[in-house]
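Worksheet: one structure, shown below.
The values are calculated or read from the model by the stated rules, or taken from the named source; none is laboratory data. Note that the structure is a prediction, hence the values are computed from the model and not measured. We place every Cβ from the backbone using ideal geometry, glycine too, and count neighbours over all the protein chains shown.
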Amino acid sequence: MAAVRCAFCNQPLPADQLVSGAGMIRCRVCGGRTQPSIFPALLADSAPKPPTLPEEPPAEGEAACFYSPARRATKSCHHCGVLISDLWAAQWGQDTVCLKCLDHLREKSKDTRFGSKRTLWDNMVLALGLAPIITLPLLVFYWIGIITAPAALILGLWHWNSPRSLVPRGRWRLITGLLLAFLQVAGVVTFILSLWFGWLD
Amino acid sequence: MKKAFEDYRYLAGGSGVSGSLWEGPDHLLFIDAGGFLFAYSETYKRIDYAKVQTINIARTSTFGWIAAALSILVLLAGLIFASLLSRSGAAATTGAGVCLLVVLFVAILLIIHLVKGPTCVVKLQTAVQVVRLKPLKRLRSAQAVIARITELCRLHQGQEAVTLESLGQARPGQAFDQRGIKAPMPRSVWLMIAVPLLLVAGAMFAGEPFVAGTAYTVVDLLVCLAAHILMGIGLARLSRYELPGTLKTAFWGSIVNFFLIAIFAYGLLITGSMMVAADAVRNVRAVDDLGMKVNTGIFFWMANASFKELSGFAWIFVGLGLLDVFFALLGMPALTQTLRQSKAGEGTSPPPLTPSSLVPPPITPPVTPSTDGEPPVDPS
């Protein structure tokens with residue numbers, strides 16, 4: 001049975017209201033009113049099951065799957081080119097890739113079509129550079145710059161060439177964070193030197 | 001924010017913590033950002049238009065709450081501004097100037113908020129997941145984006161209409177597919193006790209600087225500990241269920257507040273120990289007796305600390321205590337709702353989860369040896 005879920009509590013919405021064509025539907029569990037748009041995919045297979053994949057040993061002269069030699073190869077990986085059976089194939093947009101390539105492309109590759117996660121070092125450097133300014137009203141964290149400024153400098157230089165967001169953007173965040181951190185470090189060093197050499201006197 | 005890159009066209013969101021939504025040739029790209037103030041990581045979710053089952057939009061009450069909070073702030077700052085304006089002196093003039101700036105800033109925020117319009121929550125459902133589209137927060141802009149996604153989904157899925165027959169002759173109360181979702185929270189005795197205790201503990205903690213006496217502090221500590229222990233047990237027992245948002249906020253907020261109280265108490269302990277130790281060294285001659293005197297002295301000093309000893313820091317006591325009261329009050333309505341639901345009976349609640357309906361059967365390709373004598377390959 002296909003279920004359309006409430007936008008608030010994720011519980012199934014009453015099907016009789018869904019099919020009656022009512023715009024707003026009231027959830028029987030949380031009482032929230034939601035407006036779902038339903039697509040035919042809901043009816044296609046509401047309870048997906050693992051595909052039934054009988055072992056088909058390759059006949060004489062047929063190619064065997066690279067990963068499961070007991071299976072007949074039906075496809076080739078668009079990325080690494082090995083012959084694979086249906087069991088090892090994944091459809092990714094227009095491409096067919098083997099599961100090992102899919103894992104590699106998602107976790108390690110810089111290919112924007114496959115990447116699953118990125119750390120935004122430029123934002124992190126900017127936040128570290130701004131931390132003493134943001135926490136200034138709290139007063140008790142006035143010393144935080146001693147830790148965050150060197151950390152921002154190290155991270156910023158270390159990750160100068162690291163990939164930024166998937167959405168292309170410049171280095172202004174990184175540069176601003178580095179500049180702020182540099183000014184803070186320079187300020188602290190000048191203060192220490194002034195104490196050392198007695199410039200303040 | 002760029003309007004397009006590679007095959008993607010901009011739909012909604014920005015580079016902040018809400019993430020963004022992009023229209024791809026055959027799929028929707030949802031950039032789910034995580035972080036505080038800035039986005040520190042991005043998770044990319046690609047959803048094929050052909051696999052979208054539903055898009056669900058609901059209006060939320062956040063709009064009203066934010067509007068009310070900003071209006072109160074404007075009103076308060078305005079009142080202070082008016083009272084300072086009637087006074088003479090340099091300090092009053094400076095204060096009035098600051099107040100005016102606050103009034104203007106908050107008023108601008110309020111106007112922007114009102115212009116943007118009502119808030120909403122949008123969830124997109126496929127056969128295997130329900131994704132909250134965080135970039136769609138305002139009803140007006142969300143409706144335009146949903147219209148575009150609907151158009152694309154219809155293009156990839158066809159115009160087939162959903163009918164009573166196609167939904168399997170659904171009847172009211174009929175069982176639904178429950179996979180991938182948690183059941184709503186049942187009535188919990190632990191939380192029924194914990195939340196009122198938290199309310200009492202918060203009120204008592206806020207009253208610490210006003211009430212002297214060791215007994216009061218001991219009772220306050222015990223009530224506070226009991227509330228948090230019971231809350232922890234209650235949370236652990238309810239981990240299988242879907243907790244209402246306000247209750248989640250209340251619990252996690254009170255736990256964070258508990259740590260803040262602990263840090264503040266630690267600071268107080270250090271201050272107290274320094275003051276009492278100095279006093280004990282001055283007045284106690286017997287070295288063997290010194291340790292005991294100091295330990296009890298610190299506790300008594302902390303228990304009797306008031307505005308005189310703590311000066312401005314006493315307000316931190318009050319603030320942290322009131323925060324606990326706020327969290328307790330935040331959790332109360334959701335708890336009473338669960339109580340009402342349990343009294344109403346099973347008729348309104350969804351069918352209980354059975355182990356077979358909780359987790360879909362995993363796809364486990366067999367572990368097979370590779371061709372050239374390498375270790376077995378496990379696709380998982």
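May I ask you to verify whether B:Gln143 is under 15 Å from A:Thr34 (Cα atoms), of a type outside the set (D, E, K, R), surrounded by fewer than 16 Cβ atoms within 10 Å (Cβ to Cβ) and within 13 Å of another protein chain (Cβ to nearest Cβ)?
When the stated conditions are applied, B:Gln143 passes them.
Collect the residues in region B:84-134 that are more than 14 Å from chain A (Cβ to nearest Cβ) and not in a helix (DSSP H, G or I), keeping them in residue-number order.
B:Ser86, B:Arg87, B:Ser88, B:Gly89, B:Gly117
What is the one condition in (1) more than 10 Å from chain A (Cβ to nearest Cβ); (2) out of contact with any helix residue (DSSP H, G or I) (no Cβ under 9 Å at 6 or more places or on another chain); (3) of a type in the set (A, V, I, L, M, F, W, C) that B:Leu152 does not satisfy?
Checking B:Leu152 against (1) more than 10 Å from chain A (Cβ to nearest Cβ); (2) out of contact with any helix residue (DSSP H, G or I) (no Cβ under 9 Å at 6 or more places or on another chain); (3) of a type in the set (A, V, I, L, M, F, W, C), the one that fails is (2).
So A:Leu87 clears everything in (1) in contact with a helix residue (DSSP H, G or I) (Cβ under 8 Å, 6 or more places away or on another chain); (2) more than 30 Å from A:Gln184 (Cα to Cα); (3) facing chain B (nearest Cβ under 7 Å) except one condition, right? Which one?
Exception for A:Leu87: condition (1).
Determine whether region A:132-150 contains at least one residue that is within 9 Å of chain B (Cβ to nearest Cβ) and in contact (Cβ under 8 Å) with a residue 12 or more places away in the chain.
No, that holds for no residue.
For residues that are assigned to a strand (DSSP E or B), of a type in the set (Phe, Trp, Tyr) and more than 16 Å from B:Asp7 (Cβ to Cβ), scanning just region B:26-67, find the one that is farthest from the other protein chains (Cβ to nearest Cβ).
B:Phe36
Quick check on region B:152-166. Is at least one of its residues more than 28 Å from B:Val128 (Cα to Cα) and at pLDDT 85 or above?
no
This table checks each residue for (1) modelled with pLDDT of 75 or more; (2) out of contact with any Lys or Arg (no Cβ under 6 Å at 6 or more places or on another chain).
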site: B:Met274; (1), (2): no, yes
site: B:Ala277; (1), (2): no, yes
site: B:Val284; (1), (2): no, no
site: B:Asp288; (1), (2): no, yes
site: B:Gly297; (1), (2): no, yes
site: B:Phe307; (1), (2): no, yes
site: B:Leu320; (1), (2): yes, yes
site: B:Phe327; (1), (2): yes, yes
site: B:Leu330; (1), (2): yes, yes
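So how many residues does region B:39-59 have that are hydroxyl-bearing (Ser, Thr, Tyr), more than 21 Å from the chain's Cα centre (by Cα) and surrounded by fewer than 23 Cβ atoms within 10 Å (Cβ to Cβ)?
Of the residues in region B:39-59, 2 are hydroxyl-bearing (Ser, Thr, Tyr), more than 21 Å from the chain's Cα centre (by Cα) and surrounded by fewer than 23 Cβ atoms within 10 Å (Cβ to Cβ).
Between a first residue in region B:67-94 that is under 30 Å from B:Gly117 (Cβ atoms) and free of Cβ contacts under 8 Å to residues at least 12 places away in the same chain and a second residue that is surrounded by 12 or more Cβ atoms within 10 Å (Cβ to Cβ) and of a type outside the set (Gly, Ala, Ser), which pairs have beta carbons less than 7 Å apart while being 6 or more apart in sequence or on different chains?
From residues that are under 30 Å from B:Gly117 (Cβ atoms) and free of Cβ contacts under 8 Å to residues at least 12 places away in the same chain, there are no pairs.
Among A:Gly129, A:Gly145, A:Gly198, which is the only one that is buried (at least 17 other Cβ atoms within 10 Å of the Cβ), out of contact with any Asp or Glu (no Cβ under 8 Å at 6 or more places or on another chain) and modelled with pLDDT under 90? Before you say what the answer is, go through the steps one by one.
Numbers: A:Gly129 fails: modelled with pLDDT under 90; A:Gly198 fails: buried (at least 17 other Cβ atoms within 10 Å of the Cβ).
Matching residue, one of A:Gly129, A:Gly145, A:Gly198: A:Gly145.
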